[in-house]
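Notes to accompany the following structure.
The values are calculated or read from the model by the stated rules, or taken from the named source; none is laboratory data. Here the structure is a predicted model, which is why all the values come from computation and not from measurement. Positions of Cβ are backbone-derived with ideal geometry, glycine not excepted, and every protein chain shown enters the neighbour counts.
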Amino acid sequence: MATKRILVSDPISEKGVALLADHPELEVDVNTGLAPEELLKIIPQYDGLIVRSQTTATAEVIEAATKLKAIGRAGVGVDNIDRDAATNNGVVVMNTPTGNTISTAEHAFSLLLSLARHIPQAHGSILAGRWDRKKYQGTEVNGKRLAVIGMGRIGAEFAKRAQAFGMTVVAYDPFLSAARAEALKVELAETVDQALTGADCVTLHVPMTPDTKHIINADRIELLNKGALIVNCARGGLIDEVALAAAVKSGRIGGAALDVFENEPPTLDQAVFDSDERIIFTPHLGASTNEAQENVGIQVAEQLRDFFTQGAITNA
Ligand code: MLT
């Protein structure tokens, strides 16, 4: 069999790269941080492409990739891959939906606690030479009502952690059955609005699609309890950032934690950065742990290896 060439255009774990490099029928090139025009130039040489979230596999890239047969995404979301173009050009897209579940749930839950207790702001105040004990009085999460929007793997893991901290959980997910909700000991909401009504905290765990864009908007913010906290470790476009910034500034919302942005990296002129510290940020770190990166790196490499050597199509 002719050697298949795979381009790894975003960093993945060394074990994942080694798994491909060690296979006699595969050749792997790791070439990260490529500008879009550089990717366009080299992509015609490759049969396979592995990305995380920095590379955007646009229709232009996929059309230029005349030999390309498979794209592997080391992560869950495939919104950085033009799937229509992939389908039209006979390119298989595979993701690794299980490898970073725990890491992302842990990060999102850490953000909720950080918000409730103003931890990043208090840390910054110490470094600035202040001792602001009154300013950073927080709230307990114990006894609060949490709305989980999207009760897939990550949402369910977040809910478990919230329950362990004494929170009541209401969940909305179009695929959540009554039996599964009962097993997870969460209240099942029929609609997003129902889940948000009267919630003290919200966490988002849905993919970015035309239906979920701005799923949290000005009207929906009004359904939450005054001073509610919002966490987004899923995708930036899920929240109308202008509406969020206004609600935080007016005090309608107590604070928000954003790991993701509509455009990444964001620019500091965006409304959310003018919130008097009531919105806290991390740079898309949900899946950034040693464990998750090893899991997804190995999984995506196995998927591409099995695709090129056995014709197998899997989403790990
Ligand atoms: C995902 O969709 O799984 C995350 O965005 C992963 C990542 O940060 O690469």
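Scan the range 249-277 for residues that are under 20 Å from Phe109 (Cα atoms) and either β-branched (Val, Ile, Thr) or not assigned by TED's automatic domain parsing to the domain that holds Glu106 (or both) and the total you get is 2.
Listed by first and then second residue, the pairs with beta-carbon distance under 7 Å, at least 6 apart or on different chains, first residue in the range 259-283 and at positive phi and modelled with pLDDT under 95, second away from the ligand (no atom under 16 Å from the Cβ) and part of a helix (DSSP H, G or I), are Glu277/Gln121.
Residues in the range 258-283 that are of a type in the set (Val, Ile, Thr) and touching a strand residue (DSSP E or B) at 6+ places or on another chain (Cβ under 9 Å): Val260, Val272, Ile279, Ile280, Thr282. All conditions but one from (1) out of contact with any Gly (no Cβ under 6 Å at 6 or more places or on another chain); (2) within 14 Å of Ile230 (Cα to Cα); (3) among the hydrophobic types (A, V, I, L, M, F, W, C) apply to Ala183; the one that does not is (2).
Has the range 223-244 got at least one residue that is polar (S, T, N, Q) and not in a helix (DSSP H, G or I)? Taking every residue of the range 223-244 in turn, at least one turns out to be polar (S, T, N, Q) and not in a helix (DSSP H, G or I).
What residue, among those in the range 30-63 that are part of a strand (DSSP E or B) and among the β-branched types (Val, Ile, Thr), is farthest from the ligand (Cβ to nearest atom)?
Val30
Restricting Gly138, Gly143, Gly77, Gly124 to residues that are surrounded by fewer than 19 Cβ atoms within 10 Å (Cβ to Cβ) and at pLDDT below 95 narrows the list to Gly77.
Take Asp79 and tell me if it is in a loop (DSSP other than H, G, I, E, B) and under 15 Å from the mean Cα position of the chain (by Cα). The answer is yes for Asp79.
Table: residues versus (1) within 27 Å of Val76 (Cα to Cα); (2) of a type in the set (A, V, I, L, M); (3) away from the ligand (no atom under 16 Å from the Cβ).
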{"residue": "Ala247", "(1), (2), (3)": "no, yes, yes"}
{"residue": "Asp269", "(1), (2), (3)": "no, no, yes"}
{"residue": "Gln293", "(1), (2), (3)": "yes, no, no"}
{"residue": "Arg305", "(1), (2), (3)": "yes, no, yes"}
{"residue": "Ala312", "(1), (2), (3)": "yes, yes, yes"}
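If the condition is being surrounded by fewer than 24 Cβ atoms within 10 Å (Cβ to Cβ) and within 12 Å of the ligand (Cβ to nearest atom), then the range 89-98 contributes Asn95, Pro97, Thr98.
Within the range 19-51, the residues that satisfy the criterion of being in contact (Cβ under 8 Å) with a residue 60 or more places away in the chain and either crowded, with 18+ Cβ neighbours inside 10 Å or aliphatic (A, V, I, L, M) (or both) are Leu19, Leu20, His23, Leu26, Asp47, Gly48, Ile50.
Looking only at the range 64-88, residues that are away from the ligand (no atom under 16 Å from the Cβ), in contact (Cβ under 8 Å) with a residue 40 or more places away in the chain and small (Gly, Ala, Ser) come to 1 in all. Summed over the range 271-288, the residues that are away from the ligand (no atom under 16 Å from the Cβ) and surrounded by fewer than 16 Cβ atoms within 10 Å (Cβ to Cβ) give a count of 4.
Determine whether Leu223 is under 24 Å from Arg235 (Cβ atoms) and crowded, with 20+ Cβ neighbours inside 10 Å. Against the criterion (under 24 Å from Arg235 (Cβ atoms) and crowded, with 20+ Cβ neighbours inside 10 Å), Leu223 does not qualify.
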